[in-house]
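First up is the structure itself, then whatever we jot down about it.
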């Protein structure tokens, strides 16, 4: 029998099929319910409308893996998108600005391989816990958690209610990013908000992307002029031919993942523990922090819907023919849901590893190994130190009242309000950093001597905390 290699001419196209908007109040409240309803109606691939643009939403675990791994068919370069090439996208479509950034994530083939090689080479010293850079970064992450808890104790007392997003995870990731990238300390919460705007596709996503790119390009120029022992400088060492603009684009996407996605991963892991998820708590209680992370990501991946792929040719996927140039959005959250509901539910309960999750992606474009190790280290340190510092913690609001970000990609909390009691050892530690900073120039100078990139940053980060704005 002759194999059919192109879509039948009279078959339905993505544009011709009825499509319901994906981003609705129903999706905000219960994305799992929306995925299940779409799956029951269409199968593992569903036509949806994303902010007015038709998209194939890939829901099945097997189909998501096919899209992620078969890179000869499913391309990452936005120039393969037929609607963009034909000028059919609204010029102010909120998500387009991020995809127009010419960066490793949106490259294919040899161009992508060489760019990843630069990333892996530059990241390796920081990922390796035995290297001076890796040891120093791990020490810094633990120190930052202590400082933030010290500030929390000084401002809110040894017990009370706090927003762990604003007062713990978000400033922690900004401090880590500032140190790792060699950022000047005046890059603060405005940058984080711009990254959020771009990923969530909210109003002003285009200008936000432009501001973040400009900031990163300035960092690249600064480190070219004054190299340091940071990721930006190591990328220049790995590829001296990078222009400031090219390096700025690479820093931009790395900052998105380190700041936003890793922050969300920490929050989602903390949430699963606080909700009393038995499997997650069991691994935490036995010190298997990496497994705690794996289980939490399987339940609630921070990048719920992964970046677009573009069909290089007509291809059958699920119950539909996808035309060359169509856009598909693989859903990690829906794929996990599909896997857990089709006879693989033992994965979530097993004491064995749950690395079947797609939190890091899959295929050639999955998160680089060095970046995965680095991200896991940050998340496990943040989660582990949280439960070292707190004798007791519980959600301060019912689960249904938690506020989630509304966007097509990231499933993350806006706030994580927690009622807590600090451990006695945490309240008895050295004076809170905020108090030490107010002691005068001598102490500020000492901080700059020990860490030139993050000196005084914690004081600026107080703007991120309630009442600080």
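The values are calculated or read from the model by the stated rules, or taken from the named source; none is laboratory data. On a predicted model such as this, the values are computed, not experimentally measured, just so you know. Quick reminder, even Gly has a Cβ in these numbers, built from the backbone with ideal geometry, and neighbours come from all protein chains shown.
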Considering every residue within segment 161-168, establish whether at least one is more than 15 Å from residue 262 (Cα to Cα), without any contact (Cβ under 8 Å) to a residue 12 or more places away in the chain, touching a strand residue (DSSP E or B) at 6+ places or on another chain (Cβ under 7 Å) and buried (at least 16 other Cβ atoms within 10 Å of the Cβ).
no
Test result for residue 214, exposed (fewer than 15 other Cβ atoms within 10 Å of the Cβ) and modelled with pLDDT of 85 or more:
yes
When you go through (1) in contact with a strand residue (DSSP E or B) (Cβ under 7 Å, 6 or more places away or on another chain); (2) surrounded by fewer than 17 Cβ atoms within 10 Å (Cβ to Cβ) one by one for residue 227, which number turns out not to apply?
(1)
Could you tell me whether residue 276 is free of Cβ contacts under 8 Å to residues at least 40 places away in the same chain, closer than 28 Å to residue 397 by Cβ and either touching a strand residue (DSSP E or B) at 6+ places or on another chain (Cβ under 6 Å) or not in a helix (DSSP H, G or I) (or both)?
yes
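From the list 464, 374, which residue is closer than 16 Å to residue 263 by Cβ and at pLDDT below 80? Even if it seems obvious, please write down each step before you answer.
On the way: 374 fails: at pLDDT below 80.
After applying the criteria, what remains is 464.
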Go through 201, 248 for me and flag whichever is at pLDDT 90 or above and closer than 21 Å to residue 97 by Cα.
248
Any residue in segment 386-410 that is farther than 26 Å from residue 195 by Cβ sitting within a Cβ distance under 7 Å of a residue that is part of a loop (DSSP other than H, G, I, E, B)? List the pairs, counting only those 6 or more apart or interchain.
389/423; 390/423; 391/423; 399/275
For segment 66-79, how many residues meet the condition of being assigned to a helix (DSSP H, G or I) and surrounded by 18 or more Cβ atoms within 10 Å (Cβ to Cβ)?
4
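For the structure I just gave you, tell me whether residue 154 is assigned to a helix (DSSP H, G or I), surrounded by fewer than 17 Cβ atoms within 10 Å (Cβ to Cβ) and over 23 Å from the mean Cα position of the chain (by Cα). Lay out the reasoning, then the answer.
On the way: assigned to a helix (DSSP H, G or I): yes; surrounded by fewer than 17 Cβ atoms within 10 Å (Cβ to Cβ): yes; over 23 Å from the mean Cα position of the chain (by Cα): yes.
Answer is yes for this residue.
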Since residue 302 meets every condition but one in (1) crowded, with 24+ Cβ neighbours inside 10 Å; (2) within 19 Å of residue 100 (Cβ to Cβ), which condition does it not meet?
(2)
The one condition in (1) closer than 26 Å to residue 27 by Cβ; (2) at pLDDT below 90; (3) crowded, with 18+ Cβ neighbours inside 10 Å that residue 284 fails to fulfil
(1)
Would you be able to tell me the number of residues in segment 18-45 that are free of Cβ contacts under 8 Å to residues at least 60 places away in the same chain and over 24 Å from residue 402 (Cβ atoms)?
5
Counting just the residues of segment 363-410 that are more than 15 Å from the chain's Cα centre (by Cα) and in a loop (DSSP other than H, G, I, E, B), which one comes out nearest to residue 156 (Cα to Cα)?
396
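Per-residue answers, yes or no, for (1) closer than 19 Å to residue 177 by Cβ; (2) touching a helix residue (DSSP H, G or I) at 6+ places or on another chain (Cβ under 9 Å); (3) in a helix (DSSP H, G or I); (4) touching a residue at least 40 places away in the same chain (Cβ under 8 Å):
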{"site": "234", "(1), (2), (3), (4)": "yes, yes, yes, yes"}
{"site": "245", "(1), (2), (3), (4)": "no, yes, yes, no"}
{"site": "271", "(1), (2), (3), (4)": "no, yes, yes, yes"}
{"site": "281", "(1), (2), (3), (4)": "no, yes, yes, no"}
{"site": "292", "(1), (2), (3), (4)": "no, yes, yes, yes"}
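Quick check: is even one residue across segment 46-53 farther than 22 Å from residue 336 by Cβ and within 22 Å of the chain's Cα centre (by Cα)? Break it down into steps so the answer makes sense when it comes.
The first filter runs over segment 46-53 and keeps only residues farther than 22 Å from residue 336 by Cβ, leaving 49, 51-53.
Among the residues that remain, those that are also within 22 Å of the chain's Cα centre (by Cα) are: 51.
Yes, the conditions are met somewhere in segment 46-53.
Go over the candidates 90, 125 one by one and state the one that is in contact (Cβ under 8 Å) with a residue 12 or more places away in the chain, within 22 Å of the chain's Cα centre (by Cα) and either part of a helix (DSSP H, G or I) or within 28 Å of residue 200 (Cα to Cα) (or both). Walk me through it before giving the result.
On the way: 90 fails: within 22 Å of the chain's Cα centre (by Cα).
Exactly one residue qualifies, and that residue is 125.
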What are the residues in segment 305-331 that are more than 20 Å from residue 97 (Cα to Cα), buried (at least 24 other Cβ atoms within 10 Å of the Cβ) and touching a helix residue (DSSP H, G or I) at 6+ places or on another chain (Cβ under 7 Å), if any?
331
Condition first: more than 18 Å from the chain's Cα centre (by Cα) and under 21 Å from residue 36 (Cβ atoms). Can you find one or more residues in segment 294-314 that meet it?
no
If a residue must be in a loop (DSSP other than H, G, I, E, B) and touching a strand residue (DSSP E or B) at 6+ places or on another chain (Cβ under 6 Å), how many such residues does segment 303-313 contain?
3
All conditions in (1) more than 18 Å from residue 174 (Cβ to Cβ); (2) in a helix (DSSP H, G or I); (3) in contact with a helix residue (DSSP H, G or I) (Cβ under 6 Å, 6 or more places away or on another chain) are true of residue 250 except (3)
Of all the residues that make up segment 25-58, how many are part of a loop (DSSP other than H, G, I, E, B), surrounded by 12 or more Cβ atoms within 10 Å (Cβ to Cβ) and out of contact with any helix residue (DSSP H, G or I) (no Cβ under 7 Å at 6 or more places or on another chain)?
3
